1. How much net charge surrounds Ser32 when only other residues with a Cβ under 15 Å from its Cβ are counted (Lys, Arg +1; Asp, Glu -1)?
2. I need the per residue convex hull volume for region 205-328, using only the alpha carbons, in cubic angstrom as a whole number.
3. Which semi-axes, in whole Å and largest first, does the equivalent ellipsoid of region 341-534 have when worked out from the alpha carbon gyration tensor as the square roots of 5 times its eigenvalues?
4. Sorting Cys26, Cys20 on the 10 Å Cβ count, fewest up front, what's the list?
5. Show me the three semi-axes of the equivalent ellipsoid for region 35-113, from the C-alpha gyration tensor (sqrt of 5 times each eigenvalue), largest first, rounded to whole Å.
6. Based on the Cβ-Cβ distance from Thr474 to Ala532, what FRET efficiency comes out when R0 is 22 Å, to the nearest 0.05?
7. Can you tell me the orientation of helix 84-93 relative to the chain, as the angle in degrees between its alpha-carbon axis and the longest Cα principal axis, to the nearest 10?
8. How much mean residue ellipticity at 222 nm does the chain get from its helices, if each DSSP H run of length 4 or more adds -39500 (n - 2.57) and you divide by all residues, to the nearest 500 deg cm²/dmol?
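Where a number appears in this text, it was derived from the coordinates with a stated rule and is not lab data. Just so you know, these numbers come straight off a predicted model, no measurement behind them. Here the Cβ positions follow ideal geometry from the backbone for every residue, glycine too, while neighbour counts run over all protein chains shown.
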Amino acid sequence: MSGLDLAAVQSFVDELLRNCVEFVVCPGSRSSPLVQALLSRRNSRMHSVVDERSAGYQALGMAQAKGAPVAVVTTSGTAAANLLPAVCEAYFARVPLLVITADRPAEWIGQEDNQAIYQRGLFHKHVLAEFETPVDTSHPDARWHMERVARDAIRAACQWGPVHINMPFREPLYLADAQSGQPFNVDGSSPIGAEFRGPYDEEYGQFKKAIKPMFLCGQKTFSDKFELSIGSRMPVTGEILANLDGSLAPELWISNPDMMPDLVVTSGGAFVSKFVRQAIRSTGAEHWHLGEPRGAEPFQRKVKRLDAKYLDQVQATDYIKSFQKAVETGRSRRDSWLADHTGGEVACISAALEAVPQGRENWDYQFHLGNSLVVRIACLVGEGKPGVRYHSNRGTSGIDGCLSTAVGHAVAQPYRRHFEILGDLSFFYDRNALWRDDFPQNLRIIVINNSGGAIFDAIPGPDKWGDDTKWWTTPHHRTAEATARDHGLQYEQARTPDEVRKWVQRDWDGAGILEVFTNREQTAREFRDLLATLAQPH
């Protein structure tokens, strides 16, 4: 049998490489044409990840860190379906992800062939665009078709979201002889595709009329100094994930009704705090957004797109002063509460955040926050620092890929130091993220082990069910020690904030895991009490 004709697939891969795309590749047979095309370009950036679900999140983390599309490649069948969680996160978090799934030819779907499922439209509602490449590639037009799909897919992904490329391959799947590989150099230019810019709204008279205009920043992967530059004209605030110097919990000020804005300008993505969303909804304040339209109405009213030049019309000096006073009142309450609660999970997370040193202008430290209770506590007790960026998967807020996303970040940014702090369930669920021969030595992991997840003890509802709460909390007695040993990572334990602080401040000596043991009932009780303390009227 003659071997595979790689020409058309090579054209597809080369077009992506020309646009600086990196590849996270999962093992499998049907995707072999893609793998061989990549191997023929020996200087292409390839990362091997066994678990497809983890691979999707690692590619997502790399794309977040690079601010450019990254490709994840799988074989056919359920391997492709395992990418769905990461695709959903990329869609709602607006991350440029190229999802490339190998497939069987259409006539073999549903015919009891191996690893064959209906892959067309597999991610339909959660991708910006879908493409399928030709099965038969002998005609010269097929090569052009392959190149066009690559270009169109990158353009679509650069609208900030995932794109699915389904690639059916006939056998033979392998070259007759392995190729030695030809160097493939790129010019280093940024990917093609321009960020979408919708029309601006034109009704700007209310900016002059606003007495209490507020700039409220949602989650942002990259900090924008523009927000800080207008801090002398209106209050600028956001949670720690806003990545502004001094960003802090809105719970510090939203209990003061006098601080509610009469006009709110937002930037970035979602907010962790449901309380700030509820508070802004209750004001009736107009909502303007700086940046591309997101298609969401988090405050239950029309969102207008803002041209930044109109912020020059704003001058709310008195509101800035009263807002700063309200923030100091809230900060004093929070700090007094922390001084009275020097042990436990809240104190340990606070110690980890506080211990990370300030970086320089080039963002030396990246701090990744797991979902569920960890990110909520971190947003309440943490404040933004110069040179430190904070990340969390808040597109869908799932626990299933938090560790993999941090690994992807660390792989894409080997010149920066990364910390990940996440809960025990998040860690154990995603521990295949550690399954890499080249695990990044610039990532250190803090696992908060409260034996089963405290979030469902902390929120109203499940806590009323007594022993049956186990159906929500997933109690266990596992530790991360064996997992760390299996993957050759340093492992230590801690039970106090001081032990956490010392571990974070220690001279960097490679990748490692610190497991912090806390009490679930105490954590839930303290979390509720901290919220109640901050919610008291000013």
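1. -1
2. Dividing the Cα hull volume of region 205-328 by its residues yields 98 Å³.
3. 26, 19, 15
4. Lowest to highest Cβ neighbour count: Cys20, Cys26.
5. Taking √(5λ) for each eigenvalue gives 23, 18, 10 Å, largest first.
6. 0.25
7. 50 degrees
8. Calculated at 222 nm, the ellipticity per residue is -10000 deg cm²/dmol.
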